[in-house]
Amino acid sequence: MIRKCGGTYTGVVFGCFIIGIILNLITFCNGWLVASVLVYGICRAMDLKPSKESALVYFAGTIGATGCTVCLFYPGYFSIMEESIREFIPDFTMTMTSSFQYNGWFVLWSVLLILIMMKVYRIKDLKINVHKEYFEEQYAALGKVSTKEKKAILMIVLLLAYLMTCRLFGLPEAYGFMVIPFLMFIPGIRLGDENTLKRLNYSTVSFVSACLGIGTVGAAVGFGDFLTAIVVPVLEGKGTLVVCLIFLTMGMIANLFMTPYAMLGGLSLPFAQIAVSLGMSPVAACMLLLYSCELLFFPYESAGNLIMYEFGMLPMKEFIKQMTLKTIIMYLGFIFVMYPMWHLLGFI
């Protein structure tokens, strides 16, 4: 991607952003696990120190690999929201494009942010040890695609094909995530073995399971009813735009204290319940909560941002500046573009 973008510093910045998006598409929004190391490697190859130069590269990689999770297919997030929405729309199902239909505008906000940061950092004045020939050499050094890599690509293509067609046969997306990993271990493909299973991070599986259970437990103990009884009287009579902005602000504040998984698990059902009480779509309310996962200021607010930050190429001062600007752009973008489009398309 960097070669396609010209091999210049600008090409590196936009290349890292596009790389993050592509990784998210093929890893179902776990691209930051790869992108964090990949972008760090690019910075090291360019001999960048923690500075504005490295900060801009990492910012682009971060919003591509972590930020775009609010508009791409994320099975973990989708399962939480789908469960909450089904309390009010029993036959509702999330599709691969559900979040993109609502929050796909985030990609445009990201491009706008990168262009603004380039202007602020005056990239023409930055001293960069980079040239297109270097990336050409490194690309050639990768060699041909191996047989193992071809098999992995085939598995990803099969999974994507299934996800795009499963609704035609009335099958759930989850079957794809069950069957494809199994195929990885069969003779003839053999991309995994017993050592692969030993390296699995089971603590993460337990953490995600716990987050998924937050919404169920909250509903069982009446947390949704409790929050609805408090919020609905305050929001009654307010315009739809005001309600949406309050939802976004509630999500932004919640993200200061909870991970996105925990936030979605704990607030998806209450948000949907409040929306229904106010005559709004519960789907829109959950999408607002998902959108607010990227209204953040500090690295600890999401695992992806924290991991990217821990590589040390994005100074805290620059991180806060960049993310604050991103939050402002996201608010303004919602008010002047997304909200009118949601109304026009009947999403609210």
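The values are calculated or read from the model by the stated rules, or taken from the named source; none is laboratory data. If you're wondering where the values come from, they're calculated on a predicted model, not measured in any experiment. Note that each Cβ is placed from the backbone with ideal geometry, even for glycine, and that neighbours are counted across all protein chains shown. The accessibility values were calculated without ligands, DNA or RNA, using every heavy atom of the protein model including side chains. Shrake-Rupley method; radii C 1.70, N 1.55, O 1.52, S 1.80 Å.
Just a few scattered comments:
- Considering (1) surrounded by 15 or more Cβ atoms within 10 Å (Cβ to Cβ); (2) closer than 22 Å to Arg3 by Cβ; (3) more than 22 Å from the chain's Cα centre (by Cα); (4) not basic (Lys, Arg), the lone condition that Val57 does not fulfil carries the number (3).
- When the residues of region 312-333 are filtered to those that are hydroxyl-bearing (Ser, Thr, Tyr) and touching a residue at least 40 places away in the same chain (Cβ under 8 Å), the one that is nearest to Glu301 (Cα to Cα) is Thr327.
- Out of Phe100, Phe106, sole residue that is buried (at least 23 other Cβ atoms within 10 Å of the Cβ), aromatic (Phe, Trp, Tyr) and under 15 Å from Leu25 (Cβ atoms): Phe106
- Unique match (being without any contact (Cβ under 8 Å) to a residue 12 or more places away in the chain and surrounded by 12 or more Cβ atoms within 10 Å (Cβ to Cβ)) among Leu171, Leu197: Leu171
- For region 236-251, a residue qualifies if it is surrounded by fewer than 18 Cβ atoms within 10 Å (Cβ to Cβ), over 18 Å from Lys326 (Cβ atoms) and not polar (S, T, N, Q), and the qualifying residues are Glu236, Gly237, Lys238, Gly239, Leu241, Val242, Ile246.
- All positions within region 277-302 that are open to solvent by 20 Å² or more (accessible area, probe 1.4 Å), among the hydrophobic types (A, V, I, L, M, F, W, C) and within 18 Å of the chain's Cα centre (by Cα): Phe297, Phe298
- Scan of region 252-276 for residues that are under 24 Å from Pro340 (Cβ atoms) and either surrounded by 23 or more Cβ atoms within 10 Å (Cβ to Cβ) or modelled with pLDDT under 90 (or both), ordered by number: Phe271, Ala272, Ile274, Ala275
- Among (1) in contact with a Gly (Cβ under 8 Å, 6 or more places away or on another chain); (2) closer than 30 Å to Leu345 by Cα, the one test that His131 misses: (2)
Quick grid of which residues meet (1) open to solvent by 40 Å² or more (accessible area, probe 1.4 Å); (2) β-branched (Val, Ile, Thr):
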site: Thr8; (1), (2): yes, yes
site: Phe17; (1), (2): no, no
site: Ile22; (1), (2): yes, yes
site: Leu25; (1), (2): yes, no
site: Phe28; (1), (2): no, no
site: Arg44; (1), (2): yes, no
site: Asp47; (1), (2): yes, no
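- In the set (1) open to solvent by 70 Å² or more (accessible area, probe 1.4 Å); (2) within 25 Å of the chain's Cα centre (by Cα), the condition left unmet by Thr95 is number (1).
- Residue match in region 303-324 (condition: charged (D, E, K, R), under 14 Å from the mean Cα position of the chain (by Cα) and at pLDDT 85 or above): no
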